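Colleague: The following block contains the structure, expressed as structure tokens.
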Amino acid sequence: MTTNRRTFLHRTFFTGITTTLGISGFAPKKQRSKAPLVVATWNNEKACQAAYQVLDQQGNALDAVEQGVMIPEADPNDRSVGYGGRPDRDGKVTVDSCIMDAKGQCGSVVFLEDILHPVQVARKVMEQTPHVILAGEGAQQFALANGFEKQNLLTEDSRKEWQEWLKNAAYKPVINIENHDTIGMLTQDAMGDLAGACTTSGAAYKMRGRVGDSPIIGAGLYVDNTVGSATGTGLGEALLRTLGSFLVVEFMRQGDTPQKACEKAIKRVVDHHPGTYQEFQIGLIATDIYGRYGGYSIQPGFSYFVINAKGGQLIKSRSYL
Ligand code: SD4
């Protein structure tokens, strides 16, 4: 047999295996997507548009996600995020926020008061300090030292609602299933890089000092630029107990699609809360480096917004129940 013929047979043999058996390692490699993508919890269309605009103008995933979540932070009608958010039991709006970039860097602020854009402070924690999390008064001091100004985040509408709540002051930290709009957002830019952010005023009428999942890396958000990203919404304690966002990314690392990974992580949350999972909502969304996305929740009623080259759409999530 000539060398050429041997090479030819060798090639044909392996090509045959690859196409018929799809053996990994021989199969054509999936390509990392370089098409801009934005996915966010709930019907956060305006936030997604703001993020997509940054990506469309060749901006990076980190800038896009920051600009995106700043929209509900400043929106008085969004009662779960920033300005206009529902206060704690004592009538104070306290905000939690985090951000994570393609290099695996992250920053977070928790129990922060009187600052309109906590996500920007979280980004400064990430970029300008050796730390990941700053809390409460220290986070506020850091924000003020960096040029942020104090602003009361309690709107008249939220104050009235809180005063109504005070009449019974029923402390039920179970989050109303329909009444969410905390934003977790995931972006991918034209370089293929990923970023994510999550920002909230947390559970309404929470105990003073309570911090949920949203600003905790691994619970409310996780980004791994070699695999994918995930974020969540709902009863923060349940995602804190299970590190839900990290779990979704780990399932994707093992080969699951974003959709499957969200379903498996929701099942983990359910299994972790026997007898109580029926009473609260958790919604998870995820993207992978190939530009795929997915979402899943415990209860019906969760939705997420997606914008990619095909346009924008609100997707009604499938659910465990
Ligand atoms: C929290 N996960 O603080 C947040 C609340 C939330 O829509 O998602 N609300 O527990």
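The values are calculated or read from the model by the stated rules, or taken from the named source; none is laboratory data. Quantities reported herein were computed from a predicted structural model and do not represent experimental measurements. Positions of Cβ are generated from backbone atoms using ideal geometry, with glycine treated the same way; all protein chains shown enter the neighbour counts.
Colleague: Which ones in the range 203-250 are under 20 Å from MET126 (Cα atoms), in contact with a Ser or Thr (Cβ under 6 Å, 6 or more places away or on another chain) and within 8 Å of the ligand (Cβ to nearest atom)?
Modeller: SER214, GLY220
Colleague: Would you mind telling me which numbered condition in (1) more than 15 Å from the ligand (Cβ to nearest atom); (2) in contact with a helix residue (DSSP H, G or I) (Cβ under 8 Å, 6 or more places away or on another chain) ARG253 fails?
Modeller: (2)
Colleague: Hey, another quick one. Out of curiosity, is PRO130 modelled with pLDDT of 95 or more, within 18 Å of ALA286 (Cα to Cα) and assigned by TED's automatic domain parsing to the domain that holds ILE216?
Modeller: Numbers: modelled with pLDDT of 95 or more: yes; within 18 Å of ALA286 (Cα to Cα): no; assigned by TED's automatic domain parsing to the domain that holds ILE216: yes.
The answer is no for PRO130.
Colleague: Among the residues that make up the range 64-75, is at least one of them aliphatic (A, V, I, L, M), over 17 Å from ALA230 (Cα atoms), surrounded by fewer than 19 Cβ atoms within 10 Å (Cβ to Cβ) and in the same structural domain as ARG159 (by TED's automatic domain parsing)?
Modeller: Yes: one or more hits.
Colleague: Now, a different point. Give all pairs with beta carbons closer than 9 Å in which a residue from the range 42-54 that is under 10 Å from ILE307 (Cβ atoms) and in the same structural domain as GLN299 (by TED's automatic domain parsing) meets a residue that is hydroxyl-bearing (Ser, Thr, Tyr) and buried (at least 22 other Cβ atoms within 10 Å of the Cβ); count only pairs at least 6 apart in sequence or on separate chains.
Modeller: ALA51/THR187; TYR52/THR187
Colleague: Ok, one more. So which residues in the range 34-80 are part of a helix (DSSP H, G or I) and within 14 Å of the ligand (Cβ to nearest atom), if there are any at all?
Modeller: ALA47, VAL69, PRO72, GLU73, listed by residue number.
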